[in-house]
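The values are calculated or read from the model by the stated rules, or taken from the named source; none is laboratory data. Keep in mind that what you see is a predicted model, and the values were worked out from it rather than measured. Every residue, glycine among them, receives a Cβ derived from its backbone with ideal geometry; neighbour counts consider all protein chains shown. What goes into the accessible areas is simple: the full protein's heavy atoms, side chains included, and nothing from ligands, DNA or RNA. Shrake-Rupley method; radii C 1.70, N 1.55, O 1.52, S 1.80 Å.
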Amino acid sequence: MTYQTLLFDVRDGIAFVTVNRPDKLNALNDQVMEELGRATERIATEPAIRGAILTGAGPKAFVAGADIAVLAQQGPFDGKARALRGQAVLRRLETCGKPVVAAVNGFALGGGCELAMACHLRIASENAKFGQPEVKLGILPGFGGTQRLARLVGRGLAVELILHGGHISAERALAIGLVNEVVEPDALLTRARQWLAECGKNGPRALAASLRAIREGLDLSLARGIELEAQIFGELCGTPEMIEGTTAFLQKREPKF
Ligand code: COA
């Protein structure tokens, strides 16, 4: 399977996905989104892939947003269709059942910030900048940004960032919970790999189930959310993975998942 706008490589069970349009700061055009959709499907369905790292090519940008040259041409119908297609790709990434880390190596603006938010963990380099500048273009975030940002940092900060449209530093992104960790630029991919390697020691079904409980539970009342948790908890009990995990603990050895 070939890609023109992505680099896709699987090493040690980790899919490395790099958006590769550095001359356009990795802006998301239709081709990038189509290829990201295919890459995401592979991540979701190939058993040999146990996690993924998403980053941008070049020293400047993770992804500087949807391609404004394309946006400039669109009317209401293709605009909505493009938003729906982009949302579906990001949703598939979010629901792929394996941990996906955004390694944010520079500008993460508009669709870039939205793409990072659809990942499960965000590690940023010190020089990263985040923002939802769509209002400056007369639109609003269309790849789920109005919804995910409010869920991630709360309504007040989401309103501030989306209505202001400016950039924030990696340090501020860390302070408000938009990113999990900030590291030196040279350490970014190593840290993302380390994090996935740590996660990879745990049961893959348990990881997928945890991601599902957190994701789906957030859309429910607390009472319904804990009900869902109990249901998923039950589904994991008695599985070979649970038997191996508990047996390994009792035998004082590392589990083999
Ligand atoms: N869509 C299309 N092209 C983009 C782009 C985007 N979102 N972001 C950057 N580019 C292109 C620029 O047009 C330029 O192309 P050119 O060399 O052919 O003129 C190239 O990438 C480099 O960008 P440039 O603006 O020259 O770099 P800079 O360092 O001066 O500024 C940014 C960097 C990120 C601040 C600036 O590019 C920017 O504001 N981009 C748009 C961000 C945005 O609004 N995203 C949300 C879109 S919905």
Open item on the list: Take E235 and tell me if it is buried (at least 16 other Cβ atoms within 10 Å of the Cβ), of a type in the set (D, E) and more than 21 Å from A108 (Cα to Cα).
Closed with: no
TODO: Could you please give the count of residues in the stretch 127-183 that are open to solvent by 40 Å² or more (accessible area, probe 1.4 Å), small (G, A, S) and assigned to a strand (DSSP E or B)?
DONE: 1
Open item on the list: Taking the criterion of being surrounded by 21 or more Cβ atoms within 10 Å (Cβ to Cβ) and at positive phi, would at least one residue in the stretch 31-44 satisfy it?
Closed with: no
Task: the stretch 122-177: number of residues that are more than 30 Å from Q194 (Cα to Cα) and within 11 Å of the ligand (Cβ to nearest atom) - done: 12
Task: Residues of the stretch 126-155 satisfying the condition of being under 21 Å from L71 (Cα atoms) and touching an Asp or Glu at 6+ places or on another chain (Cβ under 9 Å) - done: Q132, L140, P141, G142, F143, G144, G145
TODO: Could you grab the pairs with beta carbons closer than 7 Å, sequence gap of 6+ or different chains, first residue in the stretch 176-196 and touching a residue at least 24 places away in the same chain (Cβ under 8 Å) and within 20 Å of G58 (Cβ to Cβ), second one in a helix (DSSP H, G or I) and among the charged types (D, E, K, R)?
DONE: V182/E171; V183/R191
- [ ] Could you check how many residues of the stretch 11-42 are away from the ligand (no atom under 16 Å from the Cβ) and outside any strand (DSSP E or B)?
- [x] 10
TODO: Give the number of residues within the stretch 136-176 that are more than 19 Å from N105 (Cα to Cα) and touching a strand residue (DSSP E or B) at 6+ places or on another chain (Cβ under 8 Å).
DONE: 4
Task: Unique match (being surrounded by fewer than 16 Cβ atoms within 10 Å (Cβ to Cβ) and near the ligand (Cβ under 10 Å from one of its atoms)) among A69, A64, A88 - done: A69
